[in-house]
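Input: a single structure, listed below in structure tokens.
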Amino acid sequence: MQKRIGIIMHGVTGRMGMNQHLVRSILEIRKQGGVALKDGTRLMPDPILIGRNAEKIASLARQHGIQRFGTDLAKALQSKEDAIFFDAASTQLRPKLLKQAIKAGKHVYCEKPVSTTLAEAVDMYKAAKKAKIKHGVVQDKLWLPGLLKLAKLRDEGFFGKILSVRGEFGYWVFEGDPQSGQPPAQRPSWNYRKQDGGGIILDMLCHWRYVLDNLFGEVKAVSCLGATHIPFRWDEGGKKYKATADDAAYATFRLAGGVIAHFNSSWTVRVRRDDLLTLQVDGTQGSAVAGLRRCYFQSYEKTPKPVWNPDIPQPIDFFDGWQEVPDSGYDNAFKVQWEMFLRHVAGEGPFRWGLLEGAKGVQLAELGLKSWRQKKWLDVPRIKA
């Protein structure tokens with residue numbers, strides 16, 4: 001037996017909203033016959049696409065055989081047909097949109113960052129709590145195959161005592177100069193304008209907060225240095241503009257239990273590593289390196305014993321002695337979290353990745369920016385909400 005659940009999907013003409021949330025999550029869930037509930041019912045998502053550009057929305061809906069679409073968000077929120085409001089549009093507009101949805105009695109699910117300030121994020125959480133609606137924030141990296149494999153090694157006690165975590169994220173985002181023969185920029189221009197909610201610190205420290213909190217220990221303190229390495233870029237219309245937001249961040253974190261983590265995040269780096277994101281975890285009994293999908297580990301017994309001698313070719317192949325964690329059937333990370341949230345809305349189990357967790361990400365980004373300005377370490381206090 002099928003049970004329909006209507007979802008207002010806002011901001012799905014953009015890269016992440018369309019590819020990960022609409023196509024690879026909601027439409028894939030529909031193809032598989034919905035989400036299985038404990039009583040045997042199949043919960044079937046029925047999306048309505050809402051956006052400002054009528055032509056884009058109509059074209060996207062036709063392309064994927066979606067019958068319901070439009071530009072009138074207020075009307076969609078008033079409708080009793082839909083139980084969930086999802087937003088993947090502009091960070092700056094998100095607090096206003098989510099509050100409208102909460103006021104309309106909708107459950108809410110959204111991309112991160114949930115806002116540009118901690119005060120707004122906490123305010124949204126309080127509004128959702130008062131309205132007694134269900135809420136969730138995308139924390140997709142927790143379900144990436146590479147990170148799930150790291151979690152498995154941790155749970156098995158492979159690392160012994162975890163000492164440190166090192167993250168490398170990023171790639172070269174082209175400036176988009178149409179006169180130079182460059183490829184078009186891979187990311188929207190607002191990402192590089194502070195006044196429009198851009199910046200890699202706000203974007204990525206939200207991710208690193210939930211990754212660190214969930215896998216290695218609660219973040220207790222942060223020291224962050226940002227930079228705007230590329231001063232000018234070209235927008236979608238080929239117009240040159242000044243980049244006012246940070247395009248690189250170098251952040252160190254102190255975690256509960258004494259673990260030290262450091263993440264380099266950059267849109268101005270060229271990749272010579274296994275993936276766009278790699279995490280290295282070092283412990284007293286072993287180490288592991290994970291990308292988005294693959295994960296390699298080296299035990300204490302397989303650890304080589306190098307001797308410093310720059311006058312001869314390196315005699316040790318440091319890639320030897322590493323083994324790959326086998327695959328065991330992983331699904332799309334965004335889809336996995338969507339299924340969990342849909343089950344939660346249907347009354348099946350808790351969902352702990354809500355607006356308060358989203359607020360923690362904004363808090364760390366805010367403290368990272370403050371640390372950069374003040375050039376010092378800052379403690380990360382518990383959020384009072």
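Under a point spin-label approximation (7 Å from Cα along Cα-to-Cβ), what is the E81-K370 distance to one decimal in nm?
Rounded to a tenth, the inter-label distance reads 4.6 nm.
Any of K149/K242; K103/K194; K38/K130 with alpha carbons more than 32 Å apart? Name them for me.
Numbers: K149/K242 41 Å; K103/K194 29 Å; K38/K130 29 Å.
The answer is K149/K242.
May I ask you to work out the translational diffusion coefficient for region 236-287 at 37 °C, viscosity 0.692 mPa s, via Stokes-Einstein with Rh from the Kirkwood sum over Cα pairs, reported in whole µm²/s? It would help to have the intermediate numbers written out before the result.
Values: Rh = 14.5 Å.
Once the numbers are plugged in, D ends up at 226 µm²/s.
Counting C-alpha atoms alone, how compact is region 81-132: give Rg to one decimal and Dmax as a whole number, in angstrom.
10.2, 32
Tell me, in nm to one decimal, what length is gained between R294 and A227 on full extension, where the rule is 0.36 nm per residue of separation less the Cα-Cα distance?
21.1 nm is the gain from fully extending R294 to A227.
Could you tell me, in Å, what Rg and Dmax come out for the Cα atoms of the chain?
Here Rg and the maximum Cα pair distance are 22.1, 75 Å.
On a full-extension model of 0.36 nm per residue, what is the gain between T284 and A119, subtracting their alpha-carbon distance, rounded to one decimal in nm?
55.4 nm
Got the relative contact order for the chain handy, in percent, Cα pairs under 8 Å and 6 or more residues apart?
Values: 778 pairs, mean separation 78.5, N = 385.
Value for the chain: 20 percent.
If you take all C-alpha pairs in region 253-385, what percent of them are over 18 Å apart?
75
Only Cα pairs under 8 Å and at least 6 apart count here; give the relative contact order of region 260-334 as a rounded whole percent.
Over region 260-334, the number comes to 21 percent.
Quick one: dipole size for the chain, taken about the Cα centre, charges +1 on Lys/Arg Cβ and -1 on Asp/Glu Cβ, in debye to the nearest 20. Mind dumping the intermediate values first?
Values: 58 positive and 40 negative charges, 292 e Å.
Once rounded to the nearest 20, the dipole reads 1400 debye.
Based on DSSP H runs of at least 4 residues, each adding -39500 (n - 2.57), what is the mean residue ellipticity at 222 nm of the chain after dividing by all its residues, to the nearest 500 deg cm²/dmol? Let's see the in-between values first.
Working: 9 runs with 105 residues, N = 385.
Per the formula, -8500 deg cm²/dmol.
Put +1 on the Cβ of each Lys and Arg and -1 on the Cβ of each Asp and Glu in region 204-247; which of L212, Y241, V222 then has its Cα farthest toward the positive end of the dipole?
Final value for the positive-end residue is Y241.
Read-outs: derived from the displayed coordinates by stated rules, not from any lab. As the structure is a prediction and not an experimental result, all values here were calculated from the model. Reconstructed Cβ throughout: ideal geometry from the backbone, glycine too, with neighbour counts over all protein chains shown.
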